[in-house]
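Engineer: Supplied in structure tokens, the structure appears directly below.
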Amino acid sequence: MSVSSASVTAPVTDPVAAPVLAEVVRSGFVEGRHRGSLVVLGADGSVELALGDVTGPVFPRSSNKPMQAAGVLHAGLDLSGERLALAAASHSGETFHRDLVHKMLGEHGLTPAQLRCPPDLPLDPQERETYLAAGAVRDRVAMNCSGKHTAMLAACALRDWPLESYLDPAHPLQLLIHRVVEDAAGEPVAAVGTDGCGAPLMAISLTGLARAYRAFVLAAPGSPERRVADAMRAHPEYVAGTRRPDTWLMRDVPGALSKMGAEAVQAVALPDGRALAFKIEDGAARTLGPVLARALTLMGVHAPVVERIGHAPLHGGGREVGEIRAAF
């Protein structure tokens, strides 16, 4: 069978393949590899380690949420404590998360029906089983981004901005968030897409993402950026959940700011201004812990929680037979 040359497209190849950041090892045999890019900034903001492409744009996904939360503060919304942490959250959908979303909606004269995030089940697998066993169904409040959406709606209600179109990239709130992202990252937004929750998603580089987290922990006390960082660090269980690595890290490493994003994105800043950001090319979330733990170790963070975060066992026949491990 012949094929016309006109119908054949040459494969697009990257002249410099991203490095392997993680390996999947089963019974002593490397059965898989995950490539990606990673950047580490020193306390002075300079690049101390760069693996792969750290200057090209990526979608940080939920790692952008601290900047989105700062945006609603810049809009004039007065949030603090657990409420502000939840505004920056990819929460697990645990009962205390859902209860606070309902409370916040009521405080601002809003209802769950006004949320534009899709109905979903709790993100945490254990919580999901409990939720379904109780006869509950997919719900907007249970969706992991419902805290962010509640804060966005509340900011719009405060400013008398349109509520129905609050996710439109041209909406006044989203234009404000766009500027906050650019200011924090120190670079222009390269592209605007749509996140899984329906909100506008701004593309920046991994270096810009690390710079943004650095800017948040070093921001002046009382500024919107510092208020977000302080709320997240004080109430990490509202940012993630009781069984999540972001919570463990912020709880056990004083002053650390940490937020994962979908498609295997992670950003962390330490209180002295050191920061890291990485993305795994194939979006494999199972690599997040081992890669994060290795990067933190290279940065000199040796707290017991780092080993806990980095432990990613593989099982066979009901027992541990291997691991996912960092490869750099």
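The values are calculated or read from the model by the stated rules, or taken from the named source; none is laboratory data. Bear in mind the structure is a predicted one, so any value in this text is a computation, not a measurement. Cβ: placed from backbone, ideal geometry, glycine included. Neighbour counts: every protein chain shown. Areas reflect the complete protein model, heavy atoms only, side chains present, ligands, DNA and RNA absent. Shrake-Rupley method; radii C 1.70, N 1.55, O 1.52, S 1.80 Å.
Engineer: For the chain, what is the mean residue ellipticity at 222 nm derived from helices alone (per DSSP H run of n ≥ 4: -39500 (n - 2.57); sum divided by total residues; nearest 500 deg cm²/dmol)?
Structural biologist: -11000 deg cm²/dmol
Engineer: Treating the beta-carbon of each Lys and Arg as +1 and of each Asp and Glu as -1, no other charges, what is the dipole magnitude of the range 36-112 about its Cα centre, to the nearest 20 debye?
Structural biologist: Computed charge dipole of the range 36-112: roughly 240 debye.
Engineer: I've got another one for you. If R₀ is 22 angstrom, what is the calculated FRET efficiency for the pair Arg179 and Ala285, using the beta carbon separation as r and rounding to 0.05?
Structural biologist: In this case the efficiency is close to 0.15.
Engineer: Now a separate question. Could you state how much accessible area Leu41 has, in square angstrom rounded to the nearest 10, with a 1.4 Å probe and all protein chains kept in place?
Structural biologist: For Leu41, solvent-accessible area is about 0 Å².
Engineer: At 1.4 Å probe size, with the rest of the protein present, what percent of the exposed accessible area of the chain is carbon and sulfur atoms?
Structural biologist: Its accessible area is 53 percent carbon and sulfur atoms.
Engineer: Restricting attention to the chain, give the cysteines that have no other cysteine Cβ less than 4.7 angstrom from their Cβ.
Structural biologist: By the Cβ distance rule, which asks for a partner under 4.7 Å, the isolated cysteines are Cys156.
Engineer: How many nm separate the modelled label positions at Ala191 and Thr55, each set 7 Å beyond the Cα in the direction of the Cβ?
Structural biologist: For the pair Ala191/Thr55, the computed spacing is 1.9 nm.
Engineer: So if I restrict to the alpha-carbon atoms in the range 86-206, what is the Rg, and what is Dmax, the biggest pairwise distance, in Å?
Structural biologist: Values for the range 86-206 (Cα only, Rg and Dmax): 15.2, 47 Å.
Engineer: If one takes the longest principal axis of the Cα atoms in the chain, at what angle in degrees, from 0 to 90 and to the nearest 10, does the Cα axis of helix 95-107 lie?
Structural biologist: 40
Engineer: To the nearest whole percent, what portion of all C-alpha pairs in the range 162-207 is separated by more than 17 angstrom?
Structural biologist: The proportion of pairs with Cα distances above 17 Å equals 31 percent.
Engineer: Mind checking the full-extension length gain between Lys103 and Asp160? Use 0.36 nm per residue of separation minus the Cα-Cα distance, one decimal, nm.
Structural biologist: 18.4 nm is the gain from fully extending Lys103 to Asp160.
Engineer: What is the calculated FRET efficiency for Glu320 to Thr297, with r their C-beta to C-beta distance and R₀ = 22 Å, to the nearest 0.05?
Structural biologist: Efficiency at R0 = 22 Å is approximately 0.50.
Engineer: Just to be sure I understand: with springs between alpha-carbon atoms less than 10 Å apart, which residue in Met260, Met152, Met299 has the highest mean-square fluctuation in the Gaussian network model of the chain?
Structural biologist: Judging by the Gaussian network model, the answer is Met299.
Engineer: Please compute the alpha carbon radius of gyration of the range 106-147, then divide it by the globular-protein estimate 2.2 N^0.38 Å. Two decimals is fine.
Structural biologist: With N residues counted in the range 106-147, Rg over 2.2 N^0.38 Å equals 1.22.
Engineer: Mind checking which lysines have their C-alpha under 18 Å from Lys65, skipping anything on the same chain fewer than 8 residues away?
Structural biologist: Here the lysines satisfying the reach criterion relative to Lys65 are Lys148, Lys259, Lys279.
Engineer: Now a separate question. Can you give me the angle between helix 224-234 and the longest principal axis of the chain, using Cα atoms only, in degrees from 0 to 90, rounded to the nearest 10?
Structural biologist: 70
Engineer: How much accessible surface does Tyr131 have with a 1.4 Å probe, in Å² rounded to 10?
Structural biologist: Accessible area, nearest 10 Å²: 20 Å².
Engineer: I've got another one for you. Enter the per residue convex hull volume of the range 187-271, computed from alpha-carbon coordinates, in Å³ rounded to the nearest integer.
Structural biologist: 109
Engineer: What ranking of Arg179, Arg214 comes out by heavy-atom accessible area, probe 1.4 Å, highest first?
Structural biologist: Arg179, Arg214
Engineer: Along its principal axes, what span do the Cα atoms of the range 177-328 show, with the longest given first and each in whole Å?
Structural biologist: For the range 177-328, the Cα spread along each principal axis is 51, 33, 28 Å.
Engineer: If you line up the long axis of helix 65-74 against the longest principal axis of the chain, both from Cα atoms, how many degrees apart are they, to the nearest 10?
Structural biologist: Its long axis makes an angle of about 30 degrees.
Engineer: Here is a further query. Given the protein chains as shown and a 1.4 Å probe, how many square angstrom of Arg243 are accessible, to the nearest 10?
Structural biologist: 90
Engineer: Moving to a separate point now. Once you have the Cα-Cα distance between Val47 and Ala136, take 0.36 nm times their residue separation minus that, and quote the gain in nm to one decimal.
Structural biologist: Extending this stretch completely gives an extra 27.3 nm.
Engineer: Okay, next question. I want to check the label-to-label distance for Ala17 and Asp252. Put each point 7 Å from Cα in the C-beta direction and report it in nm to one decimal.
Structural biologist: Taking the simple label geometry, Ala17 and Asp252 are separated by 3.4 nm.
Engineer: Now for a different question. Calculate the tail of P(r) for the chain: the fraction of all Cα-Cα distances greater than 25 Å, expressed in %.
Structural biologist: Result for the distance tail: 51 percent.
Engineer: Going from most exposed to least, what order do Leu175, Leu257 have by accessible area with a 1.4 Å probe?
Structural biologist: Output order, biggest surface exposure first: Leu175, Leu257.
Engineer: Sticking with this one: With every protein chain present, what is the per residue accessible area of the range 246-328 (1.4 Å probe, Å²)?
Structural biologist: In whole numbers, the range 246-328 has 40 Å² accessible per residue.
Engineer: Also: Highest GNM mean-square fluctuation, the chain, Cα pairs closer than 10 Å: which of Arg138, Arg35, Arg274?
Structural biologist: Looking only at Arg138, Arg35, Arg274, the biggest GNM fluctuation is shown by Arg138.
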